[in-house]
Structure formats: C-alpha cells, structure tokens
Amino acid sequence: MEHLQRIESLRAEIARHDALYYKQAQPEISDQAYDLLKRELAELEEQSGELPGLYDSPTQVVGDDRLDGFVSCRHRRRMMSLDNTYSEADLRAFAARVEKLFDSFSPCFVVEPKLDGVAVSLTFEKGRFIRAVTRGNGVEGDDITTNLSHLEEIHQQLPDAPDWLEIRGEIYMTYAEFERINREREQANLPRYANPRNLAAGTVKLLDPREARARKLCISLYGIGYCEPAQFFHSQMEVHQKLKQWQLPVPEPVREVRGVDSVWQAINELDALRKDFPYPTDGAVVKLNDFKLQQEAGETAKSPRWAIAYKFEAERAETLLRAISVQVGRTGVLTPVAILDPVPLSGTMVARATLHNEDEIRRKDIRPGDTVRLQKAGEIIPQILSVCLDKRPIGSQPFDFAAHLQALGLEAERVPGEAVWRLRSQNTADQIGRRIEHFASRVAMDIDGFGPAIVQQLVAHQLLSNVADLYRLQKADLLGLDKIAEKSANNLLAAIEASKQAEPWRLLFGLGIPHVGARTAKELLREFHTIETVSEADEETLEKVEGVGSILAQSIHTYFREPENVELLTQLRQAGLNFGSGMPGSQRLSGPLLGKSLVLTGTLPTLTRDQATGMIEAAGGRVISSVSAKTDYVLAGASAGSKLAKAEKLGIAIIDEAHFRALLGFPAQ
C-alpha cells in the first residue's frame, strides 16, 4: 500500500512539473532533479508489476507541450525524447549495450552539442516549407508556423529535396537577445525573465505573432523525422552535410568517432568549448551514425535505443547574499527571493535566486550576509546549493521569516498544511497591479495596449485600486503618465470602452477567482447563462458543471459571498459591462448546436480556431479538447491529427468546414 501511495504521489508531482516545463515554460526544479523523480517512479512501477494507469504513466510517455489556442498537427514520424545520463559510467554502459548488438565490428557514433531550447519539426513538401510544429506529445504538436515564419534561417524552398521531409531541430534564444529583452523590461520597471530557454519557449507559444517577431529567435537543425523516399539519407553525418548544403543552420562542432573512449573525449572537448558559445547548451547528444544500425537497435515507447543525451555538470559559483526580499503573487502568496551580488553563471549575470518558501530557508540555514554556493540547474534555474559556513559573519542570526514579513508591514499567515505564506489583505499595490494586469490581458478582457507599465503607474498614482476603476479613468489621468500622448490616451480609452461588450466568460475569467481558468469560465456561462446566476449557485449545483470539482466549487461559492467582491461586481454592473443578461439564453435555446460537443482538429480553409470556437458557442455548442464517445462532431481540416483517427475508430460524425457552415445556416465560402 505504501508503494502504491508513493507511486501515485510521484505521478502527480511529475505531472505538475511537466505542466510547468512544457506548457508554462516556468520549471521549478532542475532536469537532474526531475530525472531522479522519474527514475524512482520507474523503479517502483517495475517492482509493483502491472498497475492501473501504467500506460499513461510519465515513465511511458513524452511530455506534452500543446496549448489551447493552437491547431494540433500530426507528425508523420513520431517525435521522441532522449534518455538522459549525468555520469561517465552510464554513458559507457550505453555505448557497451549498443556495441554488443554488433559483435563483428565497432560502430561509429556522432557527437553533437545539445542546445537548450524548444524542440521543433519543420515540414517540407517537394522542397517547399509548409509548417513548423512543436513536439507536443510526440504524436502531434502545436502548429507554430506563424510565430516562426519571419526567421530568415528557415528557407521557403530547398533545392533537390525529397518529396516529403520533416527536419527536426531546436528553437533557442542567444544570451545577447535575452539580455536585451531583460534590459528593456528593467527600464519599464518589469520583472526580468528567468533564462533564455524559458523565454524562447514562451515566445513560440505567443498568440500574438507581432509580439513573437519582436523577439529574435534562432533555430538549429540536426535530424530528420519522416522522409519520402525513405532511402534519401543513409546516416546522421549525411544529414548534417545535406543541411549545410541547403545552407540551413546546424549545431557546431559535430564529431564522428568510433569507440567509447573517443566518444568521451569528444564530449569533454564540447564541455570546454561551450563556455564561449553565444547560446545556452546543457549537454552532448550521442547517436549511432548508420541509419540501418539505428533501425536494428530499435526504440522504446518514448526514446530511441541508439541515442542518449549526456548532461554536463551544472556550472557553479560563489557570491554574497545581500538580502532576502519577498515577491507578492496575484493570489497573495509570498515567495522569498535572494538578492545577490551579480555573478556570471552559464552565460548570464545572476543577481537573484528564488528561495521557494520558509522551510527551504530554514533547511539550508540561509541568512543575509552569507556567502552562498550557486548553480544554474540544467543551465536554467539559479538555485542556492548551500552556505559557505566558514565565511559566515560573526554574530549572524537565523533568518526569521515571520518577523521579516512583519518588519515589511505585510500582514500574512501561513496556510495550514502548506509551505506558503499568504497575505491576509488582498490590497497591496503589487497585488492590485497583478489583478488588473490579468483582467486587462488578451486572454481575459483583451484591453489592447493596457500593459504592466501603464498599470503600475496608475496604481502608484492611486488612480486604480480595483478593476472597476478602469471604467472611471479620464483622458487627463492617462496624459499624466510617462510616454502617453493624446493619441495613445484616446486609443486606451476606446479599448476600455469596447471591453464592456466582451463575452461574459471573459469577465468571469478576468475576475481572477482562484482556480477558474478560461475553459471553466466558458462552461459556467454555458450552464448558468449569466454571471448573476453563477454567483447565486450553491456548491452542489456548481459541481454539476463539467470540470468543476468540490475544491473549485467551494472557491467559486466563497468568492461571490465576500463583501468586497459583491461590491466590485456592483461597480462593474453599473459601469455597463456585459454580465450575460438575456444574452446566451435565447441563443442557447434556439442554436442549431444546442447541447452538442465538438472537437476541432487540423487547419480549416478560411476559419481560425478562435473563429470556429466562437461560432460553435454562439450556436449553443461547446468545444472540448479530446475525442470520446460523448463527442457529437469532429470538425476536421487539413493535417488533422490523432483526434481524427480516434473519431473514425469510435464512429463519431466527422465534418469539414463546408458541412459545419451548413449546419449553422451560413453560406459556404
């Protein structure tokens, strides 16, 4: 029983870290710490034999980076991840296993730099570039062509290319571009991004292509997926040579070697060279060179047996911890942050490091004035490893987190059963700003041009104390802000006025109710029609809504019964915002898709995903993310993925855009 509990705990913990890494680009732990969790889980699963959910265990599948808002496209050849190792012994064991498969000779290996970025697959049809797709879940990924189409390194036409070709590579950001963007953010009084990998991952998933183009991304290409004709390439080195011939960017240097001693020597040479690379690298990739031998070696459910990634030891440094500050999250969570004497580490200057929580500070006995040892875990996250006790100042005292919060004037309490402290009051300047930024964001009320820099100035001038104050702003208030001229002020006021007509789910989501995301907000409005009706529902009624469990129901119910929230809603109603009164009800009762569930897959001829979703919802239907027996229709376009195959298997009705328009009574395009 204890084994099973630990297995479930590990699966949940790994799933959380997968979401942080793949979907949010905000990892909390190093690659090595993550790999240790997966290794422990794999060992426990093996000891326990056949287990429920083993097929979907994190040990059996590739992490999934797909997000709502992007069209999913199927890879013609599965896009796998590599097994990792951190030790010379494990690397030698890998080479020995591979060589044992071929007793009569010692095969050649290729050693390549491992860039720290975002995996991508470029598809070319008869030499013409048609699509860029993330790894996704390995079977299908998100179409990010729009966010990469401006990259000069991606040629629109390849001469003498095969009929169909998937080229695999990595999207990354140079240290110089990363620092340029962070300097601009500092000048705008915005927080710095943590590292180049996270920023690159966030950029490729921006819903606004214009913003993506403002950040310079780079690409490095190193392999192939599907290729027709299949015999166009015969080896990994031949792939590199052809990519160079096409003048596509490739990782350098690449070495072809024979024997594990030569492999290890090539890795050490890369480790020495990488300190001068203008982009982040975190290891070396070792592959069998010959494609026939790769095929003989085979693969597991998620990784090839003919390749491995050797992760370099994290670079370390010592520096002085000047102070411990506190970051305030939108929901009032207080996170301690170490303020450091800036020190170069893995290509960037590190001046801050998260301390996670009070328990972490106490466990490592971290104190202001200490000299601390830092490492950039996995070339990503600056973290404090330990304190140099021999350099601790005389008279140093243990850090009292509660007393520190009190000295800062923060009234907070530690959440029972958790490691975090949370503000009792939700009205600090930082929190007010964060709540308003969320409310005005593109995914919520979509108030164009109303960014963090403007919000911070308005809060500082005490012109904004809650989101309702947005609708009381005058032109004179905006003209008093830095870098705001009359035209900008007029545009902002027009955007604020236009937001009053935003769909009610956007308002519900923008309120920032804990745990209520955009999809939940849509489901709530679909069920209850108006925000007033949602606010009146009891917990039992709320739990009947798809995706709403007991914790979420309690959060929603509690929010609408707090006096300050009741007053806020009154102010927003008086300002003329759309609460849904009489709006979806009549449409929902008469819509041709009333009560129907649809799944979108592939690229439609004339409609974007957002446009199709809006049409479905206006007709009384709802868009769901996965195909099941309860799905009524699958709306499929070009390059539809695994959802289409599953729909065919289940006998779900599959419609194209023309059929979809006919269902809604619209003319075909």
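Only the coordinates and a few stated rules stand behind these numbers; no lab work does. No experiment lies behind these values; they were computed from the predicted model shown. Neighbour counts run over all protein chains shown; Cβ positions are idealised from the backbone, glycine included.
Alpha carbons only, please: Rg and Dmax for region 248-340, in angstrom.
20.6, 58
Where the only charges are on Cβ atoms (+1 Lys, Arg; -1 Asp, Glu), what is the dipole of the chain about its Cα centre, to the nearest 20 debye? Write out the running numbers ahead of the final one.
Values: 80 positive and 94 negative charges, 209 e Å.
Using only the charged Cβ atoms, the result is roughly 1000 debye.
Once you have the alpha carbon radius of gyration of region 504-586, what is it after dividing by 2.2 N^0.38 Å, with N set to its residue count? Write out the running numbers ahead of the final one.
On the way: Rg = 11.7 Å, N = 83, 2.2 N^0.38 = 11.8 Å.
After normalising by residue count via 2.2 N^0.38 Å, the value is 0.99.
Please arrange 34, 226 by counting, for each residue, the other beta carbons lying within 10 Å of its beta carbon, fewest first.
Details: 34 23, 226 16.
Ascending Cβ contact count within 10 Å gives the list 226, 34.
Note the full-extension length gain between residue 544 and residue 152 as 0.36 nm times their separation in residues minus their Cα-Cα distance, in nm to one decimal. Display every interim value, and only then the final one.
Working: separation 392, 0.36 × 392 = 141.12 nm, distance 5.10 nm.
Answer, rounded to one decimal: 136.0 nm.
Sort the following peptides by mean Cβ neighbour count (other Cβ atoms within 10 Å, averaged over residues), highest first: 562-570, 115-123, 595-603. Before the final figure, lay out the partial values.
Details: 562-570: 12.8, 115-123: 23.4, 595-603: 20.3.
Ranking, from highest mean packing down: 115-123, 595-603, 562-570.
Average the reciprocal distances over every distinct pair of alpha-carbons in region 72-311, invert the result, and give the Kirkwood radius in Å.
About 18.8 Å for region 72-311.
When 343, 387 are ordered from fewest to most other Cβ atoms inside 10 Å of their Cβ, what list results? Write out the running numbers ahead of the final one.
Working: 343 15, 387 18.
Fewest-to-most Cβ neighbours within 10 Å comes out as 343, 387.
Taking 7 Å along the Cα-to-C-beta vector as the label spot, tell me the residue 394-residue 102 distance in nanometres, rounded to one decimal.
Taking the two extended label points, one gets 6.7 nm.
Using 0.36 nm per residue of separation minus the Cα-Cα distance, give me the extension gain between residue 216 and residue 325 in nm, one decimal. Mind showing how you got there, number by number?
Numbers: separation 109, 0.36 × 109 = 39.24 nm, distance 3.18 nm.
Taking residue 216 through residue 325 to full extension adds about 36.1 nm, to one decimal.
If packing is taken as the average count of other Cβ atoms within 10 Å, what order do 229-235, 78-84 fall into, highest mean first?
Working: 229-235: 13.1, 78-84: 18.6.
Descending packing order for the listed peptides: 78-84, 229-235.
Send over the semi-axes of region 79-174's equivalent ellipsoid, whole angstrom and largest first, taken as the square roots of 5 times the C-alpha gyration tensor eigenvalues.
Working: eigenvalues 204, 63, 32 Å².
They are 32, 18, 13 Å, listed from largest to smallest.
Taking 0.36 nm per residue of sequence separation and subtracting the Cα-Cα distance, how much length would be gained by fully extending the chain between residue 37 and residue 659, in nm to one decimal?
Extra length from residue 37 to residue 659 when fully extended: 219.1 nm.
Among (i) 18, 43, 27, 12, 1; (ii) 15, 47, 34, 4, 0; (iii) 18, 48, 27, 6, 0, find the value of P(r) over Cα pairs in 20 Å bins from 0, in percent that was calculated from the structure presented, and write down its label.
(ii)
D for region 429-501, whole µm²/s, Stokes-Einstein with Kirkwood Rh over alpha-carbon pairs at 4 °C and 1.567 mPa s: what number? Please report the intermediate quantities before stating the final value.
Values: Rh = 12.0 Å.
For these conditions, the coefficient is 108 µm²/s.
Suppose we look only past 22 Å in the calculated P(r) of region 346-485. What percent of the Cα-Cα pairs does that tail hold?
Working: 5771 of 9730 pairs.
When every Cα pair of region 346-485 is considered, 59 percent fall beyond 22 Å.
Taking 7 Å along the Cα-to-C-beta vector as the label spot, tell me the residue 231-residue 333 distance in nanometres, rounded to one decimal.
5.7 nm
Order these by the 10 Å Cβ neighbour count, fewest first: 181, 384.
Details: 181 18, 384 22.
Lowest to highest Cβ neighbour count: 181, 384.
May I ask for the net charge around residue 604, where only other residues with Cβ less than 13 Å from the Cβ of residue 604 are counted and Lys, Arg are +1 while Asp, Glu are -1?
Charge balance near residue 604 sits at -2.
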